[in-house]
């Protein structure tokens, strides 16, 4: 039972980690919580779903389409809803309202156009479980964990080794100094949003496959905030650790206590952390833009 | 006490030290500002002058040392409490309430010493109405003392830079402080504007008899206004003395003023 | 016909009461809340339980409902504001509390859970609403034009400078939160006795969103603006018989558009007055800056 819960926790933790990394990526560069990120994740799920159902594409292609689509949407979101505010040096309140507005717009647009039906992904991985030593784990979960960590590792590699990646890391410390050193900050920001969008596509697809696709599924990104806060806002390794920790502890609460308490637990954890240890495990404390 | 003719200083800095992690922004800073005096705090950029202001106003906590206002320790108190005890400051980069009118900016400063209750506010009792009228009249008085009374209804950020600086000063005056901290009030001004400002500060000092501590890089303003000057460098004291002494101090000339420094014109 | 129109006006006034409170909180103090519907719900349930189970006088129950909202606002606000959470963490924390309250309402025996409370006495009528609305607007107006209200405005404009003007940031924000929670609670009580039936699923983020949208669209720093915006939001869709879902799409889009193009909203830092209407008239007809 213990190992089983642990494995289940790891599976969801991997997805939380992906979401938290995408969210932290934007946060670390712009010192801004993108409340619209959840709806991008949701759109990623819908894109893969329709790619598979209507276009009959295999999972790989659907995933690719979802990554590209979500990246494009995330980029557009930034260009249309945030960049005009940045030019005006608007305070963080305005950014938040704009982000909220985007989230509400996208969620309800999907609700209105596509409908409120819950969509279940077709069975890609037969409901076969791999069992060993009395413990079983779904093939989907194995695939999700592997792919999530592969994506995170790829991102890590990119950030460490490539020139653009290094520019991004520099920007997370001080984007103004970065632009003074010749980095085109507009392009950089656009790229970061594309990357975050790509991650959103992946996590959205896996969330959809693991659970179900519906317009307000984006609210699960609340878990991403919690994971990011646990690990420390602005820290990418922190986001990964936070995601896994949250996934595992949450699953244990759900298994040993009750699933209703699970959400209350996660939110209480969030509030307590924000008050007691806002820098989380690895984060830096970033002053708010006044 | 009989025979004791020396009044206690308005501000007393005692071995004030501030460390941020590995960096020591201020080390063992000790000086007094006497009643009614205008004291200058000068030094190259990064010397720790604004940090000293932030320590006095309670924005930063002290690592070591003590700060006393009229003999009473204010170390560790909340910034808004320190303001109410009688310290007002202006900012290097103007921090006006930009969307509000010029008048409202001063009114908010005057609110600092008002005490009418929240419940009275909700019901707008006659007492409140009287206080509000009085506050608005007083605000006009403070605007007049810097020459901004005809701009009362203008939005704060719609005014030219020089007038915004004056508004900052009016706001600080309206707090009715015991000690006025001016952080580079002439920043960004040309020589003519800075002399104008210096004249204004001199007039205000005479009118309100305010003890003032002034950070400034425009040496003509400093030398014209300050009776005593405290020079900082790398977070430590470099020199202290009258304006004359400082201008001839070789260490100060070398580190900051430049060997060819000449006395500024009289205002 | 009159029945229908008075119904729309009544609903509008209920929301105006809650929105005026939120206008003080978001528009005048600059804090963003994602869960004000929770205070509305608390007020609704408190008032309903008092009249339904304990036979309280309607007006007393309303007042207590408002106070319950205010009390919960105080309990939530004290730790989160004391911790000086930055604006976005605070918003996420309010989201967390909102969720917690919803779970609570769905699980307490006295609230009858998700089934809701039917059969509440229908004591809310237009005269009562007009009196309450006038009272709340009057109190809000007095607050804003007093030293306590100006402190909130200073906090919104520049909290660093506000502190340097002797404003206690924590107390100022807490006051604002408690007042807005009281208003929401009062509105909730009126709501419960108007529809005569309440259940937790009525107090969703839809309600919080609509209130926030009205404050933003009406103009931050204004009371008359959000009042007008609320009446428009309730009135026009009714007139056009627009379905709920598209209403939300419009709200979301509107929030973003306002942030990008006209962040001061309709009224923006001004109140409706004869002078203002005259200047609009001059601008429209004479085609120049008045």
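The values are calculated or read from the model by the stated rules, or taken from the named source; none is laboratory data. Just so it is clear, the structure is predicted and the values come from calculations on it, not from any experiment. Cβ sites come from the backbone with ideal geometry, for glycine too, and all protein chains shown count toward neighbours.
Tabulated values for the structure
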read-out	value
Which numbered condition residue B:88 misses (of (1) out of contact with any strand residue (DSSP E or B) (no Cβ under 6 Å at 6 or more places or on another chain); (2) outside any helix (DSSP H, G or I); (3) closer than 19 Å to residue B:212 by Cα)	(1)
Filtered residue count, the range A:219-259, keeping only those that are in contact (Cβ under 8 Å) with a residue 12 or more places away in the chain, assigned to a helix (DSSP H, G or I) and within 12 Å of chain C (Cβ to nearest Cβ)	9
Any hit, the range C:133-142, residues being more than 21 Å from residue C:220 (Cβ to Cβ), within 11 Å of chain B (Cβ to nearest Cβ) and part of a helix (DSSP H, G or I)	yes
Odd one out for residue A:218, checked against (1) over 22 Å from residue A:143 (Cβ atoms); (2) more than 13 Å from the chain's Cα centre (by Cα)	(2)
Search result, residues across the range B:185-217 that are surrounded by 21 or more Cβ atoms within 10 Å (Cβ to Cβ) and assigned to a loop (DSSP other than H, G, I, E, B)	B:185, B:186, B:210, B:216
Qualifying residue in the range B:128-148 (condition: within 11 Å of chain C (Cβ to nearest Cβ) and more than 27 Å from residue B:85 (Cα to Cα))	no
Residue count, the range B:87-104 (criterion: under 16 Å from residue B:137 (Cβ atoms) and touching a helix residue (DSSP H, G or I) at 6+ places or on another chain (Cβ under 6 Å))	2
Number of the condition not met by residue A:121 [criteria: (1) surrounded by 15 or more Cβ atoms within 10 Å (Cβ to Cβ); (2) within 8 Å of chain C (Cβ to nearest Cβ)]	(2)
Options B:52, B:66, B:109: the member that is more than 9 Å from chain C (Cβ to nearest Cβ), part of a helix (DSSP H, G or I) and either at pLDDT 90 or above or out of contact with any strand residue (DSSP E or B) (no Cβ under 8 Å at 6 or more places or on another chain) (or both)	B:52
Single residue of the range C:225-252 satisfying the filter (within 30 Å of residue B:100 (Cβ to Cβ) and modelled with pLDDT under 90) that is nearest to the other protein chains (Cβ to nearest Cβ)	C:251
Count of residues meeting criterion [outside any helix (DSSP H, G or I) and either touching a residue at least 40 places away in the same chain (Cβ under 8 Å) or closer than 15 Å to residue A:195 by Cβ (or both)] in the range A:161-180	1
Residue match in the range C:37-45 (condition: away from chain A (no Cβ under 14 Å) and farther than 23 Å from residue C:226 by Cβ)	yes
Residues (facing chain A (nearest Cβ under 9 Å) and outside any helix (DSSP H, G or I)) located in the range C:205-224	C:220
Subset tally (residues that are in contact (Cβ under 8 Å) with a residue 40 or more places away in the chain and at the interface with chain C (Cβ under 8 Å from one of its Cβ atoms)) for the range B:75-87	1
Residues (within 15 Å of residue C:192 (Cα to Cα) and out of contact with any helix residue (DSSP H, G or I) (no Cβ under 8 Å at 6 or more places or on another chain)) located in the range C:106-123	C:112, C:115, C:118
Residue B:145 vs. criteria in contact with a helix residue (DSSP H, G or I) (Cβ under 6 Å, 6 or more places away or on another chain), surrounded by fewer than 20 Cβ atoms within 10 Å (Cβ to Cβ) and assigned to a helix (DSSP H, G or I)	no
Close pairs from the range A:89-100: first facing chain C (nearest Cβ under 7 Å), partner at pLDDT below 85 and part of a helix (DSSP H, G or I), Cβ under 6 Å, at least 6 apart	A:92/C:87; A:93/C:87; A:96/C:88
Among (1) more than 10 Å from every other protein chain (Cβ to nearest Cβ); (2) modelled with pLDDT of 80 or more - the single one residue C:114 does not satisfy	(2)
Single match in C:188, C:166 (criterion: part of a helix (DSSP H, G or I) and modelled with pLDDT of 90 or more)	C:188
Residue A:56, sole failed condition from (1) away from every other protein chain (no Cβ under 11 Å); (2) at pLDDT below 85; (3) part of a helix (DSSP H, G or I)	(3)
Residue tally, condition at the interface with chain C (Cβ under 9 Å from one of its Cβ atoms) and either at positive phi or crowded, with 22+ Cβ neighbours inside 10 Å (or both), over the range A:59-81	1
Filter result for the condition that a residue is facing another protein chain (nearest Cβ under 7 Å) and closer than 12 Å to residue C:148 by Cα, over B:118, B:100	B:118
Sole residue being over 16 Å from the mean Cα position of the chain (by Cα), modelled with pLDDT of 90 or more and assigned to a helix (DSSP H, G or I), chosen from C:80, C:46	C:46
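Yes or no, residue by residue, for (1) farther than 25 Å from residue A:268 by Cα; (2) in contact (Cβ under 8 Å) with a residue 60 or more places away in the chain; (3) touching a helix residue (DSSP H, G or I) at 6+ places or on another chain (Cβ under 6 Å):
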site	(1), (2), (3)
C:6	yes, yes, yes
C:13	yes, yes, yes
C:27	yes, yes, yes
C:35	no, yes, yes
C:43	no, yes, yes
C:57	yes, no, no
